[in-house]
Structure formats: structure tokens, C-alpha cells
Amino acid sequence: MAKRLDIKDLNLYYNKFHAVRDVTLQVHARSVTAFIGPSGCGKSTVLRALNRMHEVVPGSRVEGSVLLDGENVYAPGVDPVQVRRTIGMVFQRANPFPTMSIRDNVVAGLKLAGVKDKKRLEEVTERSLRGANLWEEVKDRLNKPGGGLSGGQQQRLCIARAIAVQPDVLLMDEPCSALDPISTLAIEDLIAELKKDYTIVIVTHNMQQAARVSDQTAFFNLPAVGEPGQLVEIGETGKIFSNPSQKATEDYISGRFG
Amino acid sequence: MTESTNSERRSAPPGETGNTLVEPPETPVPEEPVTPPSEPGEKKVVRLGDRVFQSVATGSGIFVVAIIAAIGLFLLVRAIPALHANEANFLLSGQWRTGDPENMAFGIIDLAWITVASSLVALILAMPVAGGIALFLTQYAPKVLARPFAYVVDLLAAVPSVIYGLWGALVLAPVLKPVAVRLNETLGWIPIFADGNVPAGSGSNVFTAGIVLAVMILPIITGVAREVFARTPAVQIEGALALGATKWEVVRTTVWPFGRSGFVGGAMLGLGRALGETVALTVILSYTFEGPHYSIFDAGATFASRIALGSAEFNNNLTVGAYIAAGLVLFISTFAVNAIARWIESGSARGKE
Ligand SMILES: Nc1ncnc2c1ncn2[C@@H]1O[C@H](COP(=O)(O)OP(=O)(O)O)[C@@H](O)[C@H]1O
Ligand SMILES: [Mg+2]
């Protein structure tokens, strides 16, 4: 677990529309990488290309490579379903399966992978819920539907569901943008803990959050309307926020951060 | 995008889906700043357009309900005298002697059996096919294929029922003969496949009728199912995909749980249609004086085909009343089935959080 990602010359398209151009960057194992940038610059698109979720959009296309500890997830013969089992994802809007119990939600990924052993599922449920800082709140109602939890709890349930399969990488697309400040703090604390075991990539529009949780930050931008989004720079988070090397980064950060 | 849909769904008060039409629409937020209401108890401003819309909507609603009530009342008023003159038990007798108004004996049990049996055969056959087609069209088929295919399925609804009847009697029945004989021979020990009141090879039985009805109700069920399956929230489907679900597992974990009750509601709508189908069954089912053996190889009349066949007898009020009494039972059953269908469907729309 906890593998490194090497993204090389990634170009992403929706039909004819060139959404993202020439992204090359490294994501280190057991660290948090934040993607920041104005809305529409392609952060989510790049993130979704990492676990081959980009291609579920009809007409979409990927060029370039994404290496997971050296193995290209886009190599011919690689099954996207398998890729998604090793690179987990948490979405902007918490999306537990509403009709499934909390327990079934947590182990949904394991069940899909064919795990049937009751005892193992029981262990994983507890371990994942503890890992997502949710165990104490839900341990007495594991059989209640996942749709009955609060927004913040639902998002932590989704994180528990994602880490239950012990993924190599965990992708998060604005996981706190629909949450109140207290739930947001809970998730940020959780991210800090999870990075001991997982490689995490998080998209956030909240720069304070990027500064708080991430080790390195990638700034994406749109050079002009209608043009593809680009990676402007990537670097150690402290440096990006205090002393960026690109003017565009500095403008963006000082415009909203300073 | 999905976010706003979701929050709308969330904020809708549960259990009020049915009332939306008659509820006063919300006053739109005016562009110019509004002065706060100075006098307490002042009337709320309602735009003229809203008022017109509200009365038109309420009016049409009341109109429809009034028509249905009037039909029910008409059936009831005409049926009661005939039921008084009836010498047999209306619900439990299988006789149908209505020609002489002085000496009438009629009951609906045989009609009920043929009607229910052919409709259930239709439902059992049509439900899996319709569900499969709807899943294929919404989840698997590429867009270029899904559109024409859906259109073709909808076309099935455009074929007149008399054509279905002729097709069933002249084309399908001969084809089905060997199948029916075979079923009857091998599974005859199960009562439902035992010998009917006509030879299994005759083809003009509930078995053939059920298959034709299945084709006829296929577009209704498929249409409803397509709609509910397509409504599965994209975030749910993506959630399953991101966990490493295959297409089929996505269907099993998200599309089906979301669409299930709507699908059952659609099937109920189809059942309502099958129960009331007249012309096709009048053509397909052969007439027999022997009572049913409670097998799918029975022939006989349904409520609707009995009434259609009896029109020659409609020469005095009591005889007509007997047929109307049968029609009333059919009316109540289809009404109940449709009401259940709507109830299940609306449950599927509001039950999900
Ligand atoms: N499913 C889609 N189909 C077509 N275009 C899309 C789709 N999703 C995103 N885009 C476009 O791709 C660009 C990048 O979007 P996105 O990755 O969502 O940006 P961000 O997450 O940085 O706000 C935008 O111009 C957006 O309109
Ligand atoms: Mg985004």
C-alpha cells in the first residue's frame, strides 16, 4: 500500500474539448498533495484521470501516462475496475449508498472484490470506521441506513468505505466543500492521520485548507477562456504559499489568501 | 449540477408529492426590493398569472375526479336493480344466464379467473423482459442505439389491439400449440399446467392470451422502468464505479435499489392495462360452456370480453345491468391496481434520501 504516482504528459479531452494540457507531476507516497486553482481549470478532471474515472464520461479521452509505482494504469490490458480498487476516491458530495446499512456501506468495496468471510468483514468495518473517526458515533447503529447520518458523518462514512479496501492512493475531490466548519475540521484531522498510511491527493478551493493539510501543492490555471487548463507549478506547500516562482501563482494566492 | 438536484430532493417535504398541483405556487421573488409589509394582516401579493394557473390546475383536477366519480356512480346505479334480480351468488357463481330479465342467474367467478390468470401470465413474462430492456437502454446501450431501440419498443404501444388479437389467434396460437402440449405433458402434475377446459393444443387459451398481453404491456412497463432507472443519481453510480464495481455491479448496488419500487409501480400500470384489455382477448380466447379447471390451458371469457360479446343482448335494462355489474367489478379492480401503482411509484420518488 501507499504507492507513489508519476503523471507524465497528461492531456485530457471531453469529445473535441481539450480540457487539460500537458500535466507532468509526481505524487509522493505517504504524503498529501493538494490541487488548487480557479474553478474550471481542470483539477477534478486530472484527479479523475488518476483512477480512470475520467473515461466513464461518454466521449472522453486520455493521452499520456499515470504510473503507480512504475506501472502505467493506462497500459493496454489493464482493467480499469482493478485500478479503481487500488486507487480510492472520495467525492465532493457525500454519496453513501442510501438504502444500504452503515456496515454494508463500509464493506461494499470488499464485497465487490468477493470477500465473504463474516469475521473479516466485521474486523474491517470496525477498523475502517475507527480510521475515519466515525466508530464511536455509529457503533450502536451499524445496521441503520447510511442515508440517515449527518452530512459530515456521511462524508466520513465515504472515507471509511474508501479506506476499507486499503487502497494504494486516496483521491479526494473537494471533500469538505459541502460541510460545516466543525465537520471540515474533523476531516482535516483525519487526513493528517491517514497520510501516515496512505498517499493522498486532495482537490480544494479553500487555500487555508491546502496550507493546513498538504505537504506539496500544485497550482492549476486557465491561461485564457476556452483554452485547456494547465499546471502552473508544483512545490512544497510552504514554498508555494510564501514564495511561489510563478507570477500567476502569486496573484492567485495573494488575491484570496493574503 | 448534481448537488442542486440532490438538495432539492432533500428539501422536498416527504409525503406531499401528490399535492403539488393544487398547492398555491410560491410567489416568485420580485426583482425590485420589496417594502416590508407595513400593516400586519395585510394580504399576501399573488400575481395574476399564478392565480390563473392555480385555478386552471385546481379546476382540471376537480373535473377529472368528478368524471371518475360520475362513471362509478353510473355503473353502481345501473347495476343495483340487476343484482337484486339475480338468482345466483354474484361473486361466487360461474353461470351467466342473462337473456331473460325475469329469470337471471349470473356470477363473476369464472370471468375473474380468466381475467386474472391471463393478466398474471402477462405480468410474469413481461416484467423481466421489460426490466432487462430498460436496464440495457439506460445503462449499457450506446446513445446512438438506445434512441431507436426505445422508439421501437414504444411503437408496440401503437399497434391496435385488434391486430394483436388477430396475430395471437392466427399466428401465435399455431406456433404455441406444440409448446403448450409439451408443457401440459411434462408439468401437468402442477395444477396450473393441468388439462384445461379445452384441449391444450387448441391454442385459444389463457396461455396464448397471456403471451399476447405480455407484448401489449411491454412498452408501458419498459417506459416507466426506463425513466426510473435513468433517474439514478450520477453521484451514486460514480461512487460505485470508484469502488471498483463492474457495470453489472453498479446496476445491482445503485440502479436497481433506486429504481425497484418505480419498476414495480410500472408493472402495476401494465397489470391495470392487461386486466381491462378487451378486443385482443375477445379474438383470441375461444368460447366454452364448461367452467374453468383453474389451469393456464383454460379458455373462456374475461370481464371485458364477456361484456363485448354480450352486446347483442343489450335490449332491456336488467340484462344490461348484469353486464354493468361485471363492468363495475373490473372498474374497481383496475382502479385499485392503478392507485397501488401510483402509490408505489410516488413512494419511490420520495423514499430516498
Ligand atoms: N463531464 C464533462 N463533460 C464535458 N466537459 C466537462 C465535463 N466535466 C468538466 N468539463 C469541463 O472541463 C473543464 C475542467 O473542469 P473541472 O475539471 O471540473 O474543473 P475544476 O474541478 O478545476 O473546477 C471545464 O471547462 C469543464 O466545463
Ligand atoms: Mg472540481
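Only the coordinates and a few stated rules stand behind these numbers; no lab work does. Being a predicted model, the structure only gives us computed values, none of them experimental. No Cβ is skipped: glycine too gets one built from the backbone with ideal geometry, and neighbour counts run over all protein chains shown.
Numerical summary
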item: Under 13 Å from the Cα of A:K239 - aspartates and glutamates, other chains or at least 8 residues apart; result: A:D215, A:E250
item: The range A:179-258: radius of gyration and largest Cα-Cα distance (Dmax), Å; result: 13.8, 40
item: Shape category assigned to the range A:56-203 from the gyration tensor of Cα positions, a/c cut at 1.5; result: prolate
item: Cα-based convex hull, the range B:211-304, per residue volume (Å³, whole number); result: 112
item: Helix-derived mean residue ellipticity, 222 nm - over chain A, DSSP H n ≥ 4, -39500 (n - 2.57), to 500; result: -10000 deg cm²/dmol
item: Spherically averaged projected area in nm², based on the convex hull that wraps the Cα atoms of the range B:108-208; result: 8.3
item: Neighbourhood net charge (13 Å Cβ-Cβ; Lys/Arg +1, Asp/Glu -1) for A:A2; result: +2
item: The range B:109-352: translational diffusion in µm²/s, Stokes-Einstein, Kirkwood Rh over Cα pairs, 25 °C, 0.890 mPa s; result: 127
item: Peptide-level mean, for A:85-98, of C-beta atoms on other protein chains within 10 Å; result: 5
item: Per-residue Cβ neighbour rank within 10 angstrom, fewest leading, B:L328, A:L67, A:L129; result: A:L67, B:L328, A:L129
item: Quotient of Cα Rg and 2.2 N^0.38 Å for the range B:35-144, N being how many residues it contains; result: 2.05
item: Choice from A:P181, A:P228, A:P167 with maximal GNM fluctuation in chain A (Cα, 10 Å cutoff); result: A:P181
item: Dipole axis of the protein assembly as shown (+1 Lys, Arg; -1 Asp, Glu on Cβ), positive-most option in B:T253, B:G49, B:L111; result: B:T253
item: Packing-based ranking, highest mean first, of B:125-135, B:271-281 given that Cβ atoms within 10 Å are counted; result: B:271-281, B:125-135
item: Projected label distance in nm at B:L309 and B:V65, using a 7 Å step from Cα toward the beta-carbon; result: 4.0
item: Largest to smallest principal axis extent of the C-alpha atoms in the range A:66-146, angstrom; result: 46, 31, 23
item: Fewest-first sequence of A:R85, B:R306, B:R231, A:R130 by Cβ atoms within 10 Å of each Cβ; result: A:R130, B:R231, A:R85, B:R306
item: Across A:K111/A:K139; A:K119/A:K139; A:K3/B:K247; A:K118/A:K195; A:K8/A:K247, pairs whose alpha-carbon gap is larger than 18 Å; result: A:K111/A:K139; A:K3/B:K247; A:K118/A:K195; A:K8/A:K247
item: Residues of the range B:314-345 with amide N under 13 Å of a point placed 7 Å along Cα→Cβ from B:V77; result: none
item: Average projection area in nm² (convex hull over Cα atoms of the protein assembly as shown, one quarter of hull surface); result: 38.6
item: Cα centroid separation - the range A:55-126 against the range B:183-223, whole Å; result: 46
item: For the range B:307-320, Karplus couplings with θ = phi - 60° (6.51, -1.76, 1.60), whole Hz, Gly/Pro x; result: 5, 4, 5, x, 4, 5, 8, 6, 10, 8, 4, 6, 4, 4
item: Per-selection metrics, the range A:1-139 (Cα): Rg and Dmax in Å; result: 17.2, 50
item: Tail weight of P(r) past 17 Å, computed on alpha-carbon pairs of the range B:245-353, percent; result: 68
item: Cα-based Kirkwood hydrodynamic radius, the range A:12-55, one decimal, Å; result: 11.7
item: Chain B - mean residue ellipticity at 222 nm from DSSP helices (-39,500 (n - 2.57) per run, n ≥ 4, rounded to 500); result: -20500 deg cm²/dmol
item: Relative intensity, log₁₀ I(q)/I(0), of chain A from a Debye sum that treats every alpha carbon as a point, q = 0.15 Å⁻¹; result: -1.08
item: Mean projection area, nm², convex hull over Cα of the range A:121-258; result: 9.9
item: Pairwise centroid distance, computed over Cα atoms, of the range A:211-258 with the range B:99-167, Å; result: 61
